[in-house]
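The structure appears right after this line, and notes come after that.
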Amino acid sequence: MFSMIDAHIHWDGYSPGQRSVILDSLDRHGIKAMIAVGMNLKSSRETLDLSLIDGRVKAAAGFHPEQELPSTEEIEEIFTFLDQHAESLVAVGEVGLPYYKMQDDATLEMKPYEELLERFIVKAKSLDKPVVLHCIYEHASVACDLLERHSVEKAHFHWFKGDEAILERVVSNGYKLSVTPDVMYEDEIQKIVQKAPLDAIMVETDGPWPFDGPFKGQMTHPSMMRRTIECIASIKKLDETETAERIFTETKQFYRLSM
Ligand SMILES: [Zn+2]
C-alpha cells in the first residue's frame, strides 16, 4: 500500500456524512493527510474548525478566484484570519486568477484580482507559508511574475495546465504542480506529467469535484490518487512504489507536515 497525501481538497465541500465515510476509510487507503483549502472567509473558518477535529485534515485559508471579488471588509477579515491562525494553517490558499470566469465574461477586469493575489502572495511570504494557486494557462505566467517579484520560493500550482514554456518556468523556479485523477483520461495532463520532473509533481483530488473516465459517477475520494500515481509511474516508466514514496516525501516536506 502507498502512503499518500491529497495535496488539494475542498473538505468543507463534502457533507458531514461524506466526511465521516472518507475519514473512516483513510487508513485503509494509506492517506496520511489532506491539504484542505478555503474558498472564502466562511469556508476558511469552517475548514480550520474541521482540521481541529481530525489532525489528518491540514487547513489553508484564502479566497478562490473563480467568483465575484469579496467586499473590502471581507478581504480585511481574511487577512486578519490568516494572521490570527497562522500557527494552525499550513498554507495560504486557494488563491489565484479568474481564468474560467473571464472566459464566461469578456468584460471582467483582471487587475483587481491580480492585486488581491499579490497581497496574498506577500502575506504567504511574510508568514513563511506555501501559497496554493489556481492559475491556469497564461495566468500561470502572471502568477510567476508576482512570485518572482516578491522572491517567493514555495508555490503550488494546483491542477496545473499550461504550455511547455510556462511549465518550464514553474519547474525551474522550484515551484510544485499537482495533478488530479483526470491524468487517466486527459492527454493534456499526461503530456505535462511526461515533461515535468517527478520531484515537482504532487497528487490531489480537488474533491468533491467529480471525475470522468473510470471514476464517472463516483464520489471523489482521496483513494483515487492511487490510480493517479500508477498512471504517473507508467508515463514516466518508473517503479510505482518508488514514485509513490517520492511524491509522498516531497509533499510532506513542501507543506512541512509533521506526522
Ligand atoms: Zn480547488
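Mean-square fluctuation check for the chain, GNM, Cα pairs under 10 Å: which of 196, 155, 61 is largest? Of the options given, 196 has the highest mean-square fluctuation.
Across the chain, Cα pairs under 8 Å and at least six residues apart give a relative contact order of 19 percent. 3J(HN,Hα) along the stretch 203-215: 10, 8, 10, 6, x, x, 3, x, 10, 9, x, x, 9 Hz, from the Karplus curve 6.51 cos²θ - 1.76 cosθ + 1.60 with θ = phi - 60°, whole Hz, x for Gly and Pro. In straight-distance terms, cross-link reach from residue 58 covers every one of the lysines whose alpha-carbon lies under 20 Å from its own, apart from those fewer than eight places away in the same chain; here that gives 32, 42, 123, 125, 129, 154, 176, 252.
Modelled spin labels at residue 151 and residue 86, positioned 7 Å past Cα toward Cβ, are 1.8 nm from each other.
The spacing between the stretch 189-259 and the stretch 1-75, judged by their C-alpha centroids, is 18 Å. One decimal place: the segment residue 138-residue 218 gains 25.7 nm when fully extended, by the rule 0.36 nm per residue minus the C-alpha distance. For the chain, a Gaussian network of Cα nodes joined below 10 Å ranks 53, 189, 121 by mean-square fluctuation, and the top entry is 53.
Close amide H contacts of residue 59 (hydrogens built in the peptide plane, cut-off under 5 Å, sequence separation of 5 or more or a different chain): 36, 90.
How would you rank 243, 72, going from fewest to most other Cβ atoms within 10 Å of each one's own Cβ?
Numbers: 243 22, 72 8.
Ascending Cβ contact count within 10 Å gives the list 72, 243.
For the chain, modelled as a GNM whose springs connect Cα atoms under 10 angstrom apart, the maximal fluctuation among 201, 232, 22 occurs at 22.
No lab work stands behind these numbers, since they all come straight from the coordinates. Here the structure is a predicted model, which means the values were calculated and not measured. Glycine also receives a Cβ, built like all others from the backbone with ideal geometry; neighbour counts cover every protein chain displayed.
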